[in-house]
1. Can you tell me which residues in the stretch 16-67 are at pLDDT below 75, open to solvent by 90 Å² or more (accessible area, probe 1.4 Å) and in a loop (DSSP other than H, G, I, E, B)?
2. May I ask you to verify whether PHE91 is open to solvent by 50 Å² or more (accessible area, probe 1.4 Å), at pLDDT 80 or above, touching a helix residue (DSSP H, G or I) at 6+ places or on another chain (Cβ under 6 Å) and of a type in the set (A, V, I, L, M, F, W, C)?
3. Residue by residue through the stretch 16-65, note down the ones that are hydroxyl-bearing (Ser, Thr, Tyr) and within 30 Å of LEU87 (Cβ to Cβ).
4. Contact list please: Cβ distance under 6 Å, first residue in the stretch 73-94 and more than 17 Å from HIS55 (Cα to Cα), second residue open to solvent by 70 Å² or more (accessible area, probe 1.4 Å) and at pLDDT below 90, pairs at least six apart or on different chains.
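The values are calculated or read from the model by the stated rules, or taken from the named source; none is laboratory data. Values in this document were obtained by computation on a predicted structure and should not be read as measured data. Glycine gets a Cβ as well: all are built from the backbone with ideal geometry, and neighbour counts include every protein chain shown. With ligands, DNA and RNA removed, areas are computed over all heavy atoms of the protein, side chains included. Shrake-Rupley method; radii C 1.70, N 1.55, O 1.52, S 1.80 Å.
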Amino acid sequence: MWGDQAYKGQTEVIRKHAPNARDFTNRRCRWKDVVDEVEKARNRTKSKVRAKVEHGIGVIRRVFGFVKVRYRGLEKNAHRLFVACALANLFIGRKQLLRGLT
C-alpha cells in the first residue's frame, strides 16, 4: 500500500482489510530538529513511485474530465474508465509516439 503521511496512522485498518499488504507510506524524517537522512531518502524513493501513478490519474481527471461518474450502470462506467485509461496512456506517451512517425 502506497500513501503519503495521511495514511501513517491507518496501519491497523490496512492490516485488517489486507493482511498480506506491505506498507509503503511515507514516514516522518524530522524529529526535534534532527533530520534522518536514511528515512528522507526512503521517502523520496516512495514519492517517485507514487508520482508516476498520480500523474496518470491527473491526466484522466484533467484532460478527459473523469471527475464525477454518473450512474449509467456498472458495465458502462467500467468501459468508460478503461477507455479513459487507454487514452491517458496515449496522451502521456504522445511525444514518443510522434517521434516514431518521423
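1. Within the stretch 16-67, ARG22, ARG28, LYS32, ASP33 meet the criteria.
2. Numbers: open to solvent by 50 Å² or more (accessible area, probe 1.4 Å): yes; at pLDDT 80 or above: yes; touching a helix residue (DSSP H, G or I) at 6+ places or on another chain (Cβ under 6 Å): yes; of a type in the set (A, V, I, L, M, F, W, C): yes.
Judged against the criteria, PHE91 is a match.
3. Residues of the stretch 16-65 that are hydroxyl-bearing (Ser, Thr, Tyr), as a first pass: 25, 45, 47.
The answer is THR45, SER47.
4. That search, which allows pairs on different chains as well, returns ASN77/VAL69.
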